[in-house]
Amino acid sequence: MVQSDDDFGPRRYRVRHRTTYTYDADVEACYERGLLAPRHTASQTVLAQHLVIDPEPTLVVEHVDFFGNTSHYVEIRTPHRRLEVTKTFEVDVSRPRPDQDAINRWTVAEAASMLADPLAHGLDPLWTGIFRLPSALVSDADDVAAYARSHVDPTMPLGDALRALTMGIHRDFTFRRGVTSVRSTLSEVLALRVGVCQDFSHLAIGCLRSLGLPTRYVSGYIETIPPPGRPKLEGSDASHAWASVLLPDGTWVAIDPTNRQFVDSRYVVTAFGRDFGDVSPLKGVVHTDSERSSLDVGVDVIRLA
């Protein structure tokens, strides 16, 4: 993707995310946990949001999780063979273009050293610690560190290093659905050399953490443009994921290795976490004798202004 100055300008989006589960026998009850609301950030303002669940839940409880994401707990104790969850919201997004020259004032090693001593630099040790450590889906395996160092030397200027890693992952891996899963390890992704945005984000996070840089997983959406002369099909957009690294000055800069670029105003944020496991849109337990089920997801990202 080619970025222009307009890609970093202010814009407004309406997003609709519909998730439909169907079963071949009654579900007697289900208990779900999901991140069903957008997130307020320094570059994103939530204007409106609406959540519809069918069948109507017996209980819905909203709270803010450890990472500051809005989380919903849902119970449905009405027998059903179809569950549909639709979240719709509007947001204003305005994300400035990262100043690569300013980021380059630190080398990778200098940034890592400063971030390893957060109190001395006015940073929160909770986040510098949590986002620097391995997590369930982002390991500290030797092959991840070796891959990181194939693109980044600790003496490199930090901005150049972030770009090199972003471009390197995009060049070295092929985007292909259906090969990996939410349980794929980074070692498996490195061996296969294929994956989707979740895999590439996990790999970028693992690489940056191996270099001593606290990095978080970001889930959300990205505006897509249909081919010239073709209409945008309803529900044809998809969820997206990228990585965000903490800088020594306390700001975050986000990279998208799937699209080989820094994150701009076309990206809409849903949640932050250590990896996908912290930000799953919907997961839970169902009580049923059903032997078969299906999942259908439709996403629309519509620019309003």
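Only the coordinates and a few stated rules stand behind these numbers; no lab work does. Everything numeric here is computed off the predicted structure, so don't read it as measured data. Glycine gets a Cβ as well: all are built from the backbone with ideal geometry, and neighbour counts include every protein chain shown.
From the Cα trace of region 41-171, what convex hull volume per residue do you get, rounded to a whole Å³?
Normalising the Cα hull of region 41-171 by residue number yields 197 Å³.
Find, to one decimal place in angstroms, the Kirkwood hydrodynamic radius of the chain, where the mean of 1/r is taken over every pair of different Cα atoms and then inverted.
Mean inverse Cα-Cα distance, inverted, gives 20.4 Å.
For region 1-44, with only Lys/Arg (+1) and Asp/Glu (-1) charged at the beta-carbon, what is the dipole magnitude about the Cα centre, in debye rounded to 20?
300 debye
Between SER43, PHE173, VAL279, whose Cα lies farthest towards the positive end of the dipole of the chain when Lys and Arg beta carbons carry +1 and Asp and Glu beta carbons carry -1, centred on the Cα centre?
So the residue furthest toward the plus end is PHE173.
Report the one residue of GLN3, ALA243, GLY229 whose Cα lies farthest in the direction of the positive end of the charge dipole of the chain (charges on C-beta: Lys and Arg +1, Asp and Glu -1; origin at the Cα centre).
The residue sitting most towards the positive pole is GLY229.
GNM on the chain, C-alpha springs below 10 Å: top fluctuator among ASP275, ASP199, ASP160?
Taking springs between Cα atoms under 10 Å, the residue moving most is ASP160.
So what is the orientation-averaged projected area of region 245-305, using the convex hull of its C-alpha atoms, in nm²?
If I average the Cα hull's projected area over directions, I get 7.4 nm².
In the neighborhood of LEU137, defined by Cβ-to-Cβ distances under 10 Å, what is the net charge if each Lys or Arg adds +1 and each Asp or Glu adds -1?
Once positives and negatives cancel, what remains is -1.
Counting only C-alpha contacts under 8 Å and six or more residues apart, can you give the relative contact order of region 100-279 as a whole percent?
It rounds to 27 percent for region 100-279.
What does the charge add up to near THR78, with Lys and Arg as +1, Asp and Glu as -1, over the other residues with Cβ less than 15 Å from its Cβ?
With Lys, Arg at +1 and Asp, Glu at -1, the neighbours total -4.
Which value, in debye to the nearest 20, describes the size of the charge dipole of region 5-93 about its Cα centre when Lys and Arg Cβ atoms bear +1, Asp and Glu Cβ atoms bear -1, and nothing else is charged?
About 100 debye.
Which length gain, in nm to one decimal place, applies between SER280 and GLU56 when the Cα-Cα distance is subtracted from 0.36 nm times their residue separation?
78.5 nm
Please check: in the Gaussian network model of the chain (C-alpha springs, under 10 Å), which one of ARG260, ARG209, ARG230 has the largest mean-square fluctuation.
ARG230
In square nanometres, what is the average projected area of the Cα convex hull of region 111-218?
Taking the Cα atoms of region 111-218, their convex hull projects to 6.7 nm² on average.
Using alpha carbons only, what's the Rg to Rh ratio of region 5-93 with Rh from Kirkwood?
Here the Rg-to-Rh quotient is 1.07.
Where the only charges are on Cβ atoms (+1 Lys, Arg; -1 Asp, Glu), what is the dipole of the chain about its Cα centre, to the nearest 20 debye?
About 540 debye.
Using 0.36 nm per residue of separation minus the Cα-Cα distance, give me the extension gain between LEU47 and LEU126 in nm, one decimal.
Value of the extension gain: 25.4 nm.
What's the Cα-based Rg to Rh of region 194-244, Rh via Kirkwood?
Expressed as Rg/Rh, it is 1.15.
Between helix 158-172 and the chain, what is the angle of the helix's C-alpha long axis to the longest principal axis, kept within 0 to 90° and rounded to the nearest 10?
Roughly 50 degrees, rounded to the nearest 10.
When a/c reaches 1.5 or more, the comparison of a/b and b/c decides; with that in mind, is region 100-279 rounded, prolate or oblate per its Cα gyration tensor?
Taking the square roots of the gyration eigenvalues as a ≥ b ≥ c, region 100-279 is prolate.
Hey, for a label at TYR73 modelled as a point 7 Å past Cα toward Cβ, could you say which residues of region 243-287 have their backbone N under 15 Å away?
Residues 283-285 qualify, since their backbone N sits under 15 Å from the label point.
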